[in-house]
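The values are calculated or read from the model by the stated rules, or taken from the named source; none is laboratory data. Small disclaimer: the values here were computed from a predicted structure and weren't measured. FYI the Cβ positions are ideal-geometry reconstructions off the backbone, even for glycines, and counts take in every protein chain you see. To get the accessible areas, we keep the full protein, side chains included, count just its heavy atoms, and leave off ligands, DNA and RNA. Shrake-Rupley method; radii C 1.70, N 1.55, O 1.52, S 1.80 Å.
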Amino acid sequence: MTRIVLFTGKGGVGKTTIAAATAIKSAELGKKTLVISTDPAHSLSDAFGVNLNPYPTKISNNLEGMEVNVEYELEKHWSVIKEYLSLFFRSQGIEDVIAEELAIFPGFDELASLMHLLKFYKSSEYDAIILDCAPTGETLRLLSVPEVAKWYMNRFFGIEKKVLKIIKPIAEPLIDVPLPSDEVLDKIQELYIKISELKDILESKDTSVRIVMNPEKMVIRESERAFTYLNLFGYRVDCIIVNKIFPDVAGDYFSEWTKIQKEYLKEIEEKFPLPIFKLEFKSKEVTGELLKDIAYEVYGDNDPLKIFHEGKPMTIEKEDEKFVLKIQAPFVEKKDIKLFKRGEELVIIAKQWKRIIFLPQSLAIREPKSAKFEGGLLKIIFE
């Protein structure tokens, strides 16, 4: 099976450097490795000192990289959908150039990255795929795409396609909005089906998310939120990497910073129930050959593709003839959690994030009678 590792964290913490270093060590261990940048502000090329294309580009032996380009993806794979959207916007009186820009819908760069992940995973062409993700908020949006798309597909798409085929010949001459052709609908359906497949891949035991952070208050808080939401969405976080730690020999000028960082490092170790790897702040920019040193400092003699933590964020257990759904939700308070059941769906809301869980038959036929939230664990009891 192909091992998938995603790196996320607040902007500027060093995700790209650590993702690149991980990819290099993986390749040196003989694993055919692909590293993909999903961040629109690409810097993977700068890290490797190689001009990466929007398709796999050789970096070194066993190692290839790519930076997703939205325009390239739309023209090569999704031109049918883009042409329809452009036509639709022009029909509303929007100028050609603006219509072309609007046809590149928000979030497509994240979606294109996931499509590549699916393609290469299914082909088994690579032993490992490393994703250098955008900052935390964008990554969470990226990882929620399969959940949301699957819901829309199950609820609306099948009906919409059948209805459009019936009403299109009658309605199109009477309205000033071009209706999508069968080709467009088929392409959208293909997209939705692929996104549904992604959900299983991202939640599998072969996929891990690694949170990169610095020992700073704001970064720690954002990492806490990310860890909570990743658990709620069923994604496995297997380690934390703390970057840019000032060494003890940093000198008097950084003495106060060193002291503060030690307090934050203690806080990180107490709060995150995961293996924690540490990386000192470097006196110069880390690119090219220096990435090998970074990989060794982070992982030592460990295989960087090793699963460092096996815990599952969501489990279903049977207790005294009752089924209990357990979801890890650290760093969130009881008052921030709301939940309700709707048919075969369980809806969980934690502040601004909402997760819709499609319940297995054993739970779908039952009703949630009570819920407990203790020590960062949400327990929902079904009778």
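Looking at this model, which pairs from Lys271/Lys306; Lys259/Lys282; Lys25/Lys282 are more than 28 angstrom apart at the alpha-carbon?
Cα-Cα > 28 Å for no pair; all within.
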**Report entry** Rounded Å value of the spacing that divides the Cα centres of region 284-299 and region 17-79
**Finding:** 17 Å
Report task. Can you tell me what the convex hull of the Cα atoms of region 281-383 projects to on average, as an area in nm²? Result -> 10.6 nm²
Report summary line: Label model pair Tyr55, Met1: point-to-point distance (7 angstrom along the Cα→beta-carbon line) in nm is 3.0 nm
Query raised in the report: Which parts of region 364-383 would a label at Lys322 reach, counting a residue when its backbone N lies under 18 Å from a point 7 Å out along Cα-to-Cβ?
Result: 364-375, 377-383
Report task. Please go through the residue pairs Lys334/Lys369; Lys338/Lys369; Lys10/Lys194; Lys335/Lys369; Lys205/Lys318; Lys326/Lys372 and name each one whose alpha carbons sit more than 20 Å apart in this structure. Result -> Lys10/Lys194; Lys205/Lys318
Query raised in the report: If each of His309 and Asp186 carries a label point 7 Å out from its Cα toward its Cβ, how far apart are those two points in nm?
Result: 4.6 nm
Requested in this report: Hey, could you grab the Kirkwood Rh for region 323-383? Inverse mean 1/r over distinct alpha carbon pairs, Å, one decimal.
Outcome: 11.8 Å
Query raised in the report: For region 278-332, which whole percent of the accessible surface, found with a 1.4 angstrom probe, sits on carbon and sulfur atoms?
Result: 46 percent
**Report entry** Calculated diffusion of region 1-60, Stokes-Einstein form, Kirkwood radius summed over Cα pairs, 37 °C and 0.692 mPa s, µm²/s
**Finding:** 267 µm²/s
**Report entry** Nearest-0.05 FRET efficiency for Lys278 and Glu256, computed from C-beta distance (R0 25 Å)
**Finding:** 0.80
**Report entry** Euclidean distance between Cα centres, region 321-360 to region 201-262, Å
**Finding:** 25 Å
Query raised in the report: Between Glu333 and Leu29, how many nm apart are label points set 7 Å from Cα along the C-beta direction?
Result: 4.2 nm
Report task. Report the accessible area of Ser223, computed with a 1.4 Å probe over the heavy atoms of all protein chains in place, in Å² rounded to the nearest 10. Result -> 0 Å²
Report summary line: Mean 1/r over distinct Cα pairs of region 271-332, inverted to a Kirkwood Rh in Å, yields 15.6 Å
